[in-house]
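The block underneath contains the structure these notes are about, expressed in structure tokens.
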Amino acid sequence: MKRFSVRAPGRVCLFGEHSDYLGLDVIPAAIDLAICIQCSQREDRNVNVIYLDLEEEDSFNIDDEDLIYRHNRDYLRSAFNVTKRKGMNPKNGWDLEVTGNIPISAGLSSSSALTVAAILAFARMSEKSLQPHEIAQMAYKAEVEEFGESGGMMDHFSSAYGGIIHVDLGAEYRTIHLPANIEGLVIGDSLEKKEDTVADLKKIRSVIEKEYQAISEIIPEFNQRTTSASAITNLSPQVMTEARSMAETTLHNRDLTQRAFNLLTNEHPDPNEVGLLLDIHHDLLRFGLKRSTRKIEYMILAAKSAGALGCKINGSGGGGTMLALAPRREKEVANAIRDAGGKPYLVRIGSGAEIIEE
């Protein structure tokens, strides 16, 4: 009986939060928290799935042409459908056991990691080899396009490639690894469960894209990738609507990501500079996009008081997790986050999605 497992990491977004779905650049980093799928070949044509952490089960036949989704965001089934449409057909059924240690709905891309792992698993079952960019693009289709969602591709690229990467999300996707060595990452889970992350993203994206269109009617040459943020400020500085402020924030976010890119092309960037840029990024997310919460702010204050060089909210915001950079102060910062009512995780930069043969 053939057996193998796949592992796909979660991620933090260092710079460029809320930029990927707007066609702007991002700098995410894979972390050493992951989703794993243990795969054991069967003699029949069935795929039986056990979600160990959720105590849920699923079953389907590999000869089905297009699986019906049991519920919205049924990611393992959607990964099967996407791979099968690409001509990947397992020759036998399989038993799948899904588990992981990524906090769910906390801004660390647990769903993207599951989808990446599932794409990789079904490809391996079909004896097909995929490159990281192919895994990322297929996982994006399975998680976002298949359910008509509004997310971007950052999470899938980060999980597929691993390490710290810069993703150019312009007309043509380009991904490069950044050599920066960043240590001392502490994640703090606020334990505030967000009501609907996908709905949040859809709303933010809709508001900003409508405002981009309104700006284009005033500045015909407007381009979110090249127009200066000051050009937006100068349109009507006395009448700054919330939508206009959000649109301007995305351009400041874009420029900050470029500053971070220049810094992280160094193998050993100054941790204090990295921390400063994380703080600036958080302020953009907190004030410009209104993504923080009172508890997240309390946790950040506690982390900074314990020695963190910089902090930011992580993921879509409105709850979930925050990230602290605290080299050589990880335990102190973790304790401070715990004392502030959060759940800390000491993490390292992780490797990309992989198959582990047995």
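The numbers here are math on the coordinates, done by the rules we state, and not lab data. In this text, all values refer to a predicted model and were calculated from it rather than measured experimentally. Cβ sites come from the backbone with ideal geometry, for glycine too, and all protein chains shown count toward neighbours.
Per-residue packing, averaged as other Cβ atoms within 10 Å, sorts the ranges 333-344, 44-55, 252-263, 64-75 into the order 333-344, 252-263, 44-55, 64-75, beginning with the highest.
With 23 Å as the limit on Cα-Cα distance, the pairs of Lys193/Lys343; Lys128/Lys202; Lys141/Lys203; Lys193/Lys331; Lys290/Lys312; Lys295/Lys343 that go past it are Lys128/Lys202; Lys193/Lys331.
Treat the count of other C-beta atoms within 10 Å as a stand-in for reagent exposure and order Ser228, Ser112, Ser316 from fewest to most. Don't skip to the end; give the middle numbers.
Numbers: Ser228 10, Ser112 31, Ser316 24.
Ascending number of Cβ neighbours within 10 Å: Ser228, Ser316, Ser112.
Based on every Cα atom in segment 134-179, Rg and the maximum pairwise Cα distance Dmax equal 10.8, 35 Å. Based on DSSP H segments of at least four residues, each scored -39500 (n - 2.57), the chain has a per-residue ellipticity at 222 nm of -11500 deg cm²/dmol.
Rounded to the nearest 20 debye, the dipole magnitude of segment 266-358 is 640 debye, with +1 charges on Lys and Arg beta carbons, -1 on Asp and Glu beta carbons, and the Cα centre as origin. Phi angles across segment 117-124 convert, under the Karplus curve 6.51 cos²θ - 1.76 cosθ + 1.60 with θ = phi - 60°, into 3J(HN,Hα) values of 4, 5, 4, 5, 5, 5, 5, 5 Hz, Gly and Pro given as x.
Would the chain count as rounded, prolate or oblate if I go by the C-alpha gyration tensor, calling it rounded below 1.5 in a/c and otherwise prolate when a/b exceeds b/c, oblate otherwise? It comes out prolate by the Cα gyration axes. Helix 132-143 axis versus longest C-alpha principal axis of the chain: approximately 90°, rounded to the nearest ten.
Computed on the Cα trace of segment 185-347, the radius of gyration divided by the Kirkwood hydrodynamic radius gives Rg/Rh = 1.02. Relative to the longest principal axis of the Cα atoms of the chain, the long axis of helix 197-218 lies at roughly 50 degrees. Within the same chain, aspartates and glutamates fewer than 8 places from Lys2 are excluded, and of the rest, those with a Cα less than 16 Å from its Cα are Glu43, Asp44, Asp95, Glu97, Glu127, Glu357, Glu358.
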